[in-house]
1. Provide 201, 120 in ascending order of the number of other Cβ atoms located within 10 Å of each residue's Cβ, fewest first.
2. For region 352-392, just run the numbers: alpha carbon Rg, then divide by 2.2 N^0.38 Å, N being how many residues it has.
3. Take 620, 604, 528 and order them by how many other Cβ atoms sit within 10 Å, fewest up front.
4. Tell me, rounded to the nearest percent, the portion of alpha carbon pairs in region 267-421 spaced more than 22 Å apart.
5. Say each of residue 411 and residue 312 gets a label point 7 Å from the Cα, pointing the same way as Cα to Cβ; how far apart are those two points in nm?
6. Considering only the chain, what is the antiparallel percent among its DSSP beta bridges, to the nearest 5?
7. Report relative contact order for the chain in percent, whole number only (criteria: Cα-Cα under 8 Å, sequence separation at least 6).
8. If amide hydrogens are placed 1.01 Å from N in the peptide plane, which non-local residues have theirs closer than 5 Å to the one on residue 323?
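Just so you know, all these numbers are worked out from the coordinates, no wet-lab data involved. Here the structure is a predicted model, which means the values were calculated and not measured. A quick note on method: Cβ atoms are made from the backbone with ideal geometry, for glycine too, and the neighbour counts reach across all protein chains shown.
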Amino acid sequence: APGVCEPPVERVRVQVVVATPAYSGLDRSLTYDSVQPLAPGTLVQVPLGRRQVLGIVWGACTPGDTDPGAPDPAGNESDAANGQARSTPMTTLRTVEDAWTDLPPLDERWRALVGFAARYYQRAPGEIALAALPPALRTGPAARWRRQLQRLMSRPVTPDPPATVAPSLTDAQRAALAAIEASDRPLLLFGATGSGKTEVYLQATARLLARDPLAQALILVPEINLTPQLQERFRQRFGEAVVTLHSGLTPVQRLQHWLAAHMGRARVVLGTRMAIFASLPRLRLIVVDEEHDPSYKSQEGARYSARDLAIYRAHLGQADGCRVVLGSATPSLESWQAAALGRYQRVDMTERMGAAPWPRLRLIDMRLQPRGTALAPALLHAIAARVARGEQALVLLNRRGYAPVIGCGHCGWKSGCPHCSAYLVFHKSERLLRCHHCGHRTPVPAACPDCGDPDLQPLGQGTQQLQERLEAELVTLRRPDGTPVRIGRLDADAVRASGALERTLQAVHHGEIDVLVGTQMIAKGHDFRRITLVASVNTDGALFASDWRAPERLFTLLMQASGRAGRDAAFVSERGSTVELWVQTAHPNHPLFAALARHDYPAFAAEELQQRRRAGMPPFSHQALLRAEARQLPVALQWLQQASEATADLPGRPHVTLYAPVPMALTRVAGVERAQLLLESPHRPALQALLAAWMPRLHALRASPAGRGLLRWAIDVDPLQF
Ligand code: ADP
Ligand code: ZN
Ligand code: ZN
């Protein structure tokens with residue numbers, strides 16, 4: 001009523017992080033004024049410049065001024081919060097517009113995880129924190145998530161999972177399960193392909209949920225859509241209690257699933273690397289399946305490793321008994337070495353389920369084949385023989401398209417991309433040349449652009465050509481039921497249409513496809529039952545790639561691919577068949593093949609680790625890359641050179657080796673020149689100290705005349721790609 005004084009409102013200051021791009025200068029928390037105390041982790045809507053953005057309260061509140069007109073002691077930060085230049089003195093703090101107090105705050109461990117990731121990968125906490133929230137929560141109206149939440153909360157907590165019978169575990173599985181439950185260290189489950197690792201994850205999860213009615217489990221997989229079967233197994237076992245988190249969900253699904261996890265309604269989250277940042281207040285088990293897979297490392301933004309963060313996240317939850325399991329038939333050498341040092345506990349499951357036979361290695365020496373042979377006759381016969389018996393074959397070729405390049409037989413012209421230092425790939429069915437790096441596409445020229453000769457030829461082969469060739473070669477062949485043979489293909493082009501991937505996988509499972517040609521996609525975790533032959537037709541490219549991790553990748557790929565064969569022991573023995581891995585190579589004496597022939601990952605790892613130790617490479621050292629991009633290569637290189645010189649007096653510098661700035665292997669992409677500077681140290685804290693102290697200098701260097709013409713720069717900690 002008029003004339004009645006309102007009591008003075010107790011105002012407080014809150015620290016808020018918002019989604020600022022890294023190194024924008026807004027990378028610390030910002031101070032706002034609030035009419036009520038807000039718990040750390042509360043989502044808030046705050047003004048930033050002229051916009052309203054979502055933020056997260058990032059620290060305890062401090063008392064504010066009762067007089068809103070009083071000068072602001074934290075002037076700098078309020079400048080930032082107001083989105084104005086730092087030199088402008090500000091007298092008032094802006095106010096939190098809306099606080100979503102009906103949503104439980106993001107808990108302390110989640111914030112600690114984000115804080116660690118920000119420090120370790122040299123990013124802003126706000127950038128990582130906000131990117132971890134579902135986009136619909138970040139940008140949509142609050143009414144949307146409130147509606148989703150009401151739905152969610154009105155349903156019963158955990159509907160009974162569907163009645164499925166879990167198989168009783170083998171001794172090896174039981175031992176693994178016991179180790180998961182007993183160990184106080186991260187567990188490395190070294191289990192052969194088909195040894196029953198997934199069953200161990202399922203039963204570890206089931207036991208956890210039964211033991212603790214609120215506990216949650218996080219299961220990370222490299223690529224969820226490639227392995228719908230795995231998703232199905234989790235669904236059958238846990239029903240509605242499972243949600244998925246990955247980039248293939250619609251915004252509303254992602255919001256629903258995220259809320260379900262955050263509210264504790266979802267007991268199991270099955271997701272890709274992004275799921276490592278899911279809010280899981282009662283997280284007690286983390287599984288990283290196929291932990292060696294490079295897709296756990298993000299190649300943009302914060303460039304985090306979800307596998308490494310899984311270790312840290314479990315460590316944060318250790319007091320509550322949170323466990324972490326890394327599983328693989330071909331662990332990363334980092335994890336293998338960590339187990340050798342006792343930091344991880346290793347558990348082995350060496351036998352394949354049902355005593356399924358191991359594929360026998362057949363090396364085809366391509367030096368003895370006529371030049372240009374794409375598919376050795378012996379291999380073709382072997383494939384034909386199997387198909388005629390009703391068995392299936394997988395043929396691996398890590399190049400999609402029809403041919404990786406076309407060329408002129410007369411003058412030597414080749415189809416280069418005008419925007420990249422790469423060739424345009426020939427896609428026959430579309431009559432197009434396409435760049436796989438920048439997306440540039442152009443019709444196939446009728447004649448050579450340089451000399452006018454009409455005789456343009458595809459050079460080398462891609463999966464489309466291999467499929468076409470196999471179709472031609474096997475056209476007269478019949479399956480046992482008299483029907484013609486079908487050749488399927490699985491690569492990024494073949495699965496672009498929605499549902500195409502599932503259809504192809506189903507067709508293989510149902511025996512409608514006899515031979516499946518494809519890129520490394522075909523090697524991933526599929527539980528095909530009738531495959532008795534796996535072939536790698538172009539192996540040497542990977543053997544001599546410039547990347548020093550290439551041998552590890554190739555060995556892993558071939559082991560995983562061969563793991564798709566002979567999974568059904570009964571099927572193989574019934575027909576008196578054998579299981580084989582064929583490898584076409586001009587280097588059959590490479591030591592990698594000796595280990596492969598024995599399916600001996602430990603031998604391969606020992607050999608490779610010895611070489612890495614001698615060369616001082618990871619895991620015996622730690623690396624970071626500073627990357628720079630510019631329209632002109634010298635600009636990027638010179639900026640890196642200056643950046644390098646700016647480290648002279650930084651902490652950690654004596655223990656860190658800085659190499660000379662060099663162009664990246666694929667230098668130009670989409671008209672942008674890319675260069676990098678490698679840093680290496682046997683001492684991780686030294687490298688971390690240097691990076692942290694370097695960041696403000698890099699930021700200043702970017703803004704200085706030296707940074708003129710520079711487009712972007714970024715730090716990649718523990719890089720996987722060079
Ligand atoms: P991995 O994850 O190591 O490849 P899976 O868990 O997928 O192995 O097991 C391979 C196959 O064996 C699957 O078809 C699975 O259903 C089956 N399997 C796993 N454990 C058992 C078990 N204890 N008893 C019977 N079958 C099992
Ligand atoms: Zn020509
Ligand atoms: Zn290009």
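1. Ascending number of Cβ neighbours within 10 Å: 120, 201.
2. Cα Rg divided by the expected 2.2 N^0.38 Å: 1.53.
3. Lowest to highest Cβ neighbour count: 620, 528, 604.
4. Value for region 267-421: 66 percent of Cα pairs lie more than 22 Å apart.
5. 5.5 nm
6. Of the beta bridges lying entirely in the chain, close to 50 percent run antiparallel.
7. Answer for the chain is 11 percent.
8. 285, 286
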